[in-house]
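The values are calculated or read from the model by the stated rules, or taken from the named source; none is laboratory data. On a predicted model such as this, the values are computed, not experimentally measured, just so you know. Neighbour counts run over all protein chains shown; Cβ positions are idealised from the backbone, glycine included. Please note that ligands, DNA and RNA were not included when accessible areas were found on the heavy atoms of the full protein model with its side chains. Shrake-Rupley method; radii C 1.70, N 1.55, O 1.52, S 1.80 Å.
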Amino acid sequence: MALPFEKPIADLEAKIREMQAYADEQQVDLTEEISLLQQRLERLTRETFAHLTRWQRVLVARAPGRPTALDHVAAFVDGFVELHGDRALGDDPALVAGLGRVDGAGVVVLAQQKGRDTKENIHRNFGMAHPSGYRKAMRMMEMADKFGLAVVALIDTPGAYPGIAAEEQGQAWVIAESIRRMSRLRVPAVAVVVGEGGSGGALAIGVANRVLILENAVYSVISPESCAAIRWRDAAEAPRAAEALKLTSADLLEQGVVDEVVAEPLGGAHKDPAAAVAATAAAVRAALAGLRGLGGDEIVRSRAERFRHMGRMLVDSA
Amino acid sequence: MALERWFRRQRPTRGDDDATPAGLWVKCSACHTQLYRKDLVAHHFVCKECGHHERMPVTARIAMLADEGSFEPWSGAVRPVDALGFVDVEPYADRLAAVQQKAGRPDAIVTGAALIEGERVALAVMDFQFLGGSMGSVVGEEIARAAERAAEEERALVMVAASGGARMQEGALSLMQMAKTTVALEGLASRRLPYVSVLTDPTTGGVTASFATLGDVIFAEPDALICFAGPRVIQQTIKQDLPAGFQRAEFLLRKGMIDDVVPRGELKRRLATVIGLLRAGAAMAPGTLPAGA
């Protein structure tokens, strides 16, 4: 299923397939013609993706077929073992936690998981965690500290779930607590925004020493739809809100919110999931390697420093 | 007197007492009783008929909590910028200029040193009248600086929160203030200095989900709306009516999320009491704990 702006690309792909089929069927040599079309296709895709509007990036970040957090985990974590439950309220399938190895060293993995189809999406609550999910994340952070395991957090959520039970169980409290817990980790933490970084629900597992983002992922204080509903009183203005919010990987790099952008394959991660997860794997490995050998104090201090200096303002010299 | 000096400094811009309707008489927003304005101000903006707590201007809040003449302002040396060039129906830069002019301060918070019944504190008061008390880079910075200076000066921190959440006009940088304020509180924790958070109407979104709920003790004012997601957002998501009193201070007390609901008239005394008690620990030798302990 193509995104609206992908229609010309999809049409050209269909044409190439058609020509290939015709060539096979009629036993004629159309290699040159097909090769020309393929060059055109690559140019068109490159052109299209080089000039995506911010709203179009949001659509790519949410595209069906885009690798989910667990797809990325499968690519860079060896022997992943999922561990369930928050030891108090239940188990939240929207936030998956577990253990595994990266380059031989043990890690704690936290992954906000959207579904690959409607059924899984309902099970995963569309990647929107309840307080139970954040409690589980915090329990795993304790474990990481205790056993000296680095933390790798994969962020992909529209936001923490806004519901009655979630509020009753202290959604705000667990997010605040999780931010604090993560900022105190004496082990290295790497966070990767792989799809949607939705507000506080994303930041709750995003207080890392290195924060990476996939090229077409977004990270925002509020969803474009909600922003539009508030600022323009019309959710249909989401494309304008996306422009105003400056929420793309390039914007965030410029703002200093992320440290590194992981390039996606041409046409977006959903076009070539295998190449996308391989790129993420390489970037996570490099980020973890870069943090190896630092002492606990230094890890806490440098992480706190990273976040302490976030923001833009004018400072009076007086 | 420091406070008077500070009030003078606000001129010629209008003070935030103008946030209340002008005129001799005002109507209680809950029971609609006509109240003599001077009485309402004298009662700390609490309706003497029904006890409803109206939202309170920052200067009145400081005057109510700080011992007379004790408040020394710290905030004001950082000013917001429109880093994203954010424009909705009106440019953020214009909105900022207009509200700064009206409020007579650069952003939605005032911090400073104070005594509360003799207890040495850093007092931070958020201004809901200023763009809904939203937290952008400057609000985050003022909170961080206040927490760090409180730690240096061995003061407790008292935060009076009132906010619609993170300021969307500053994008992800606003979101990052949640982490910034949180890490800045660590110095207080490692020096065993109390942090008391007072949640007032309304405290929502990214402010509730960061420093506001990280207090060693959390108080709330009666009937204050305190939430992560606002009632309208939840209603739109679940398409159901919300239970009566949902997300109000009394509801959160029953759910175990806050330490107590404290009427405004008792707030100063209660703050001084718990700060005094938290600083009366004799069981442990004075010293510092490592961050994270």
- [ ] Please state the charge dipole magnitude for chain B, taken about the Cα centre, from unit charges on C-beta atoms (+1 on K and R, -1 on D and E), reported in debye and rounded to the nearest 20.
- [x] 200 debye
Open item on the list: Based on alpha-carbon centroids, what's the gap between the range A:152-210 and the range B:77-141 in Å, whole number please?
Closed with: 26 Å
Open item on the list: Placing +1 on the Cβ of each Lys and Arg and -1 on the Cβ of each Asp and Glu in chain A, which of A:Ala172, A:Ala281, A:Leu41 has its Cα farthest towards the positive end of the resulting dipole?
Closed with: A:Ala172
Open item on the list: As I understand it, the value is the acute angle between the Cα axis of helix A:31-50 and the longest principal axis of the Cα atoms of chain A; what does it come to in degrees, rounded to 10?
Closed with: 40 degrees
Task: Approximate spin-label separation A:Leu294-A:Ala165, in nm, with each point projected 7 Å along Cα-to-Cβ - done: 3.8 nm
Task: Unit charges on C-beta of K, R, D, E only; dipole of the range B:73-194, Debye - done: 140 debye
Open item on the list: Calculate log10 I(q)/I(0) of the range A:4-51 for q = 0.22, 0.25 Å⁻¹, where I(q) comes from the Debye formula with a single equal point scatterer on each Cα and nothing for solvent.
Closed with: -0.74, -0.86
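Kindly flag which residue pairs out of A:Lys146/B:Lys255; A:Lys246/B:Lys180; B:Lys27/B:Lys268; A:Lys15/A:Lys114; B:Lys180/B:Lys255; A:Lys7/A:Lys271 have an alpha-carbon separation exceeding 23 Å in this structure.
A:Lys146/B:Lys255; B:Lys27/B:Lys268; A:Lys15/A:Lys114; B:Lys180/B:Lys255, as the Cα separations exceed 23 Å there.
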Task: Sum of -39500 (n - 2.57) over DSSP H runs of 4+, divided by residues of chain B (222 nm, nearest 500) - done: -10000 deg cm²/dmol
- [ ] Classify the range A:180-318 as rounded, prolate or oblate, taking a ≥ b ≥ c as the square roots of the eigenvalues of its Cα gyration tensor: rounded when a/c is under 1.5, otherwise prolate if a/b is larger than b/c and oblate if not.
- [x] oblate
- [ ] Would you mind computing, in nm to one decimal, how far apart the modelled labels at B:Arg79 and B:Leu277 are, each placed 7 Å from Cα along Cα→Cβ?
- [x] 4.5 nm
TODO: Can you give me the three principal axis dimensions of the range B:57-278 from its C-alpha atoms, in Å, biggest first?
DONE: 48, 43, 31
Open item on the list: Check which residues have an amide H placed less than 5 Å from A:Ala150's amide H, if you skip close sequence neighbours.
Closed with: A:Val108
TODO: Report relative contact order for the range B:57-278 in percent, whole number only (criteria: Cα-Cα under 8 Å, sequence separation at least 6).
DONE: 16 percent
TODO: Only Lys, Arg, Asp and Glu count, each charged at its Cβ (+1, +1, -1, -1), so figure out the dipole size of the range A:58-308 about its Cα centre, rounded to 20 debye.
DONE: 460 debye
Open item on the list: Could you report chain B's accessible area per residue, 1.4 Å probe, as an integer in Å²?
Closed with: 41 Å²
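Can you give the calculated 222 nm mean residue ellipticity of chain A, where each DSSP H run of n ≥ 4 adds -39,500 (n - 2.57) and the sum is split over every residue, rounded to the nearest 500 deg cm²/dmol?
-15000 deg cm²/dmol
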- [ ] Grab the beta carbon distance between B:Glu266 and A:Leu89, set R0 = 35 Å, and tell me the FRET efficiency rounded to 0.05.
- [x] 0.55
- [ ] Could you tell me what fraction of 2.2 N^0.38 Å the Cα radius of gyration of chain A comes to, as a two-decimal ratio?
- [x] 1.08
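Which whole-number percent is the relative contact order of chain A (Cα, under 8 Å, 6+ apart)?
17 percent
Name the shape class, rounded, prolate or oblate, that the alpha-carbon gyration tensor gives for the protein assembly as shown, where a ≥ b ≥ c are the square roots of its eigenvalues, rounded holds for a/c under 1.5, and otherwise prolate holds if a/b is larger than b/c and oblate otherwise. Let's see the in-between values first.
On the way: a/c = 2.13, a/b = 1.68, b/c = 1.26.
Here the protein assembly as shown falls in the prolate category.
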TODO: Report the residue, chosen from B:Gly23, B:Gly206, B:Gly112, that carries the largest GNM mean-square fluctuation when chain B is represented by alpha-carbon nodes joined by springs under 10 Å.
DONE: B:Gly23
- [ ] Could you check which residue among A:Arg184, A:Arg87, A:Arg101 shows the biggest mean-square fluctuation in a GNM of chain A with a 10 Å Cα cutoff?
- [x] A:Arg87
